[in-house]
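Report on the structure given below.
The values are calculated or read from the model by the stated rules, or taken from the named source; none is laboratory data. Since this is a predicted model, take the numbers as computed values, not measurements. For neighbour counting, all protein chains shown are included, and Cβ atoms are generated from backbone atoms with ideal geometry for every residue, glycine included.
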């Protein structure tokens, strides 16, 4: 029998029991892929992370990320949460108010900046390893509206049409007119199975440029039944791709675009995700996603 330490953290929030829960095993050496997947299913969070020594000594750690449905090459709340857990426990020393590290993930090296306030790690921001890429055309708004239990008049048109975008994980983005439409969205599995499940971007984010707080810009929800995640309280990888979706539609040719995304409110786990998109000459040159996290509990698990 082997014993492994773990910590849990709520990510993209500064308050316990909000945000998106994450289980982190800070030293996962000796675990097999099958054991990592079994532990993930035991926690039954949307994701768990397993921290290993890096393959490249120039990098900080290797991070393997699992959903209950299996391993994924990249995800935002596990990246942000793992960085802040390792910093809070001293596994990653912070010698300045900003410390830059690199995680090895399936998508490639992922740079992360950890910020501290009063000596305490308070915020982490990842930079995507893969710039936003548009995938083959998504199903039409007419097909997606009933899948989300919405009406045709809830959907936006023109340049704000459904589109599949990836920064390492593919998502189908469905823009709607109001946060009320976001609130009313209910995923119909039968229509999802015939509409999105066969595509490369089966995870779907419905969003509106209509946040609850006037200091925020976006309200969103994300559904991923194919990953055994009926709804996710906060999805950094989706918000990174959303930054690409919105950045592509902005007339801004150069500079940094910023949005704060509200997610998880309908689940009783309010989350705030800070998204930044850099553009130069009309092209997107970088996307970053950041947020806070708070430790919740720690313990050991026997394998």
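Among the residues of segment 93-114, is there at least one that is touching a helix residue (DSSP H, G or I) at 6+ places or on another chain (Cβ under 6 Å), crowded, with 19+ Cβ neighbours inside 10 Å, modelled with pLDDT of 95 or more and assigned to a loop (DSSP other than H, G, I, E, B)? There is no residue in segment 93-114 that is touching a helix residue (DSSP H, G or I) at 6+ places or on another chain (Cβ under 6 Å), crowded, with 19+ Cβ neighbours inside 10 Å, modelled with pLDDT of 95 or more and assigned to a loop (DSSP other than H, G, I, E, B).
Here residue 67 does not qualify as surrounded by fewer than 16 Cβ atoms within 10 Å (Cβ to Cβ) and in contact (Cβ under 8 Å) with a residue 12 or more places away in the chain.
Residues checked against (1) out of contact with any helix residue (DSSP H, G or I) (no Cβ under 8 Å at 6 or more places or on another chain); (2) assigned to a loop (DSSP other than H, G, I, E, B); (3) assigned by TED's automatic domain parsing to the domain that holds residue 179; (4) over 26 Å from residue 114 (Cβ atoms):
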{"residue": "210", "(1), (2), (3), (4)": "no, yes, yes, yes"}
{"residue": "219", "(1), (2), (3), (4)": "no, no, yes, yes"}
{"residue": "226", "(1), (2), (3), (4)": "yes, no, yes, yes"}
{"residue": "259", "(1), (2), (3), (4)": "no, no, yes, no"}
{"residue": "298", "(1), (2), (3), (4)": "yes, no, no, no"}
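When we screen 5, 14, 48 for residues that are in contact (Cβ under 8 Å) with a residue 24 or more places away in the chain and closer than 22 Å to residue 226 by Cα, the only hit is 48.
Within segment 115-132, if we keep just the residues that are touching a helix residue (DSSP H, G or I) at 6+ places or on another chain (Cβ under 7 Å) and in a strand (DSSP E or B), the residue that is surrounded by the fewest Cβ atoms within 10 Å (Cβ to Cβ) turns out to be 121.
Taking the stated definitions as given, is residue 246 more than 21 Å from residue 152 (Cα to Cα) and buried (at least 17 other Cβ atoms within 10 Å of the Cβ)? Here the answer is yes, as residue 246 does meet what is asked. Screening segment 133-203 for helices (runs of 4 or more DSSP H) wholly inside it with 1 or more residues that are in the same structural domain as residue 69 (by TED's automatic domain parsing), closer than 26 Å to residue 251 by Cα and in contact with a helix residue (DSSP H, G or I) (Cβ under 6 Å, 6 or more places away or on another chain) returns no ranges. The set of residues in segment 140-156 being closer than 17 Å to residue 182 by Cβ and exposed (fewer than 13 other Cβ atoms within 10 Å of the Cβ) consists of 151, 152, 153.
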